[in-house]
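Please read the structure below before turning to the comments.
Nothing in this text is a laboratory measurement; each read-out follows from the coordinates by a stated rule. Keep in mind that this is a model prediction, so the values were computed, not measured. Please note: Cβ atoms are built from the backbone with ideal geometry, for glycine as well, and neighbour counts cover all protein chains shown.
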Amino acid sequence: MLRDMATILCKKRAGNNSIFDHDYDYDYEHEHEHEKGCKMRVAVVVSMMLLAGCARTQYADSNPGALKSLPDNRSFHALFVGSCFKNYEFFENAGQHPFWPDVAEFDAVNAWWCAEAALLAYVPDKRFVRDRLARAGFDEVKYFDNAGPALGPDMQFFVAARRDLALVGFRGSEPNLADWVTNSKFVLTPFGSGEVHSGFLEALDEAWGKGKLGAELERLRKENPGRAVWFCGHSLGGAVAVLAAARWHDGHPGALGGAYVFGAPRVGDRAFCLGAKFPVFRVVNHIDLVATVPPLGLYGEVGRLEWINGRGEIQDGAMDAWRVPVAGHIAYFAKNLRRGRFVWLPEDVVDHSPLLYAILEYNNIQN
């Protein structure tokens, strides 16, 4: 959702002195309702954010139970570019934290698995993706790279299957024109019980039909009708995951599964959101701005919100509503530069990183 990042900054905040080094110690101006606190303004995203290379951070100790540290390198490249994520240890200690496919309520371990899968979907190396999913216990992995027409949807996703579970992971936005065009098509179009973002629906249609996702899921269902299907993704990938889950459950009422999405934008109007009768868990990291667009009123909130507060802890329910003044951004940059970090991005953009979602979800299951 890079186009939205460059145009909309909406702020939330809770707590200081994070054990995850996710702290903010400058003053905030309180707003009682988040949407009332959202201000449209132009954000300067400097070109220097692309200069720093991949972070080479040791994210965790080798012993189970150790917390992963957040990366010191806060450049766009380190936080959002898929090739850099090959330095990350995917599904670490998964044997101690198994995925439970038939759990329909929010589960922190299942959320961690889906955050890892959503991060892995960004990695462009198909062999690497298949290898990491096989190590996590999936018997069959299919990777789909479905480039649509010029300026149309450009979707990459995988389907990882084992006897009791099919996990579908969608890649989120990348800095290319096709994704920006998809994100910008926010006019609503009919879908299911209401109306949804036309760009996200185009992306789903491209994956479902031409990308053969629908056919692959039907094949797996025929093999084992009781197999749960969970969809996941980050940012644009999260939006498409919600629509994919809706389409799957429309055709298979009562089927096991649902969607875990991370830093996802809103996908549909109130009628669509109220009509979603399958599990949807929307995880939002602190002041991630992408989760605040498109605006409420035109769009609704689907599923259940799980918010990662400023201390890195998962909370149920509504986010605290705060607006960060320009002085807050300056203080954030200054503080991190004093610590020797490469920081070119505002904190509400940093909080959108799929890498941070995976690390914070991992840390929550270690406590």
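Side notes on the structure shown:
- Taking other C-beta atoms within 10 Å as the exposure proxy, D164, D316 rank D316, D164 from fewest upward.
- Signed unit charges on C-beta, dipole axis of segment 157-243, positive-most listed residue S184, F231, L165: L165
- At most 11 other Cβ within 10 Å, DSSP loop - chymotrypsin sites (Phe, Trp or Tyr not before Pro), segment 269-304: none
- The charge dipole of segment 226-286, taken about its Cα centre with unit charges on the Cβ atoms of Lys, Arg (+1), Asp and Glu (-1) only, comes to about 40 debye.
- For the pair L298 and D72 in one chain, pulling the backbone fully straight at 0.36 nm per residue adds 77.6 nm over the alpha carbon distance.
- Note on segment 166-249: with charges restricted to the Cβ of Lys and Arg (+1) and Asp and Glu (-1), its dipole about the Cα centre is near 300 debye.
- Each eigenvalue of the Cα gyration tensor of segment 206-298, multiplied by 5 and square-rooted, gives one semi-axis; in descending order these are 25, 14, 12 Å.
- Check: segment 131-273 dipole with +1 on Lys, Arg Cβ and -1 on Asp, Glu Cβ, in debye: 360 debye
- Among beta bridges from DSSP that stay inside segment 155-312, the antiparallel ones total about 35%.
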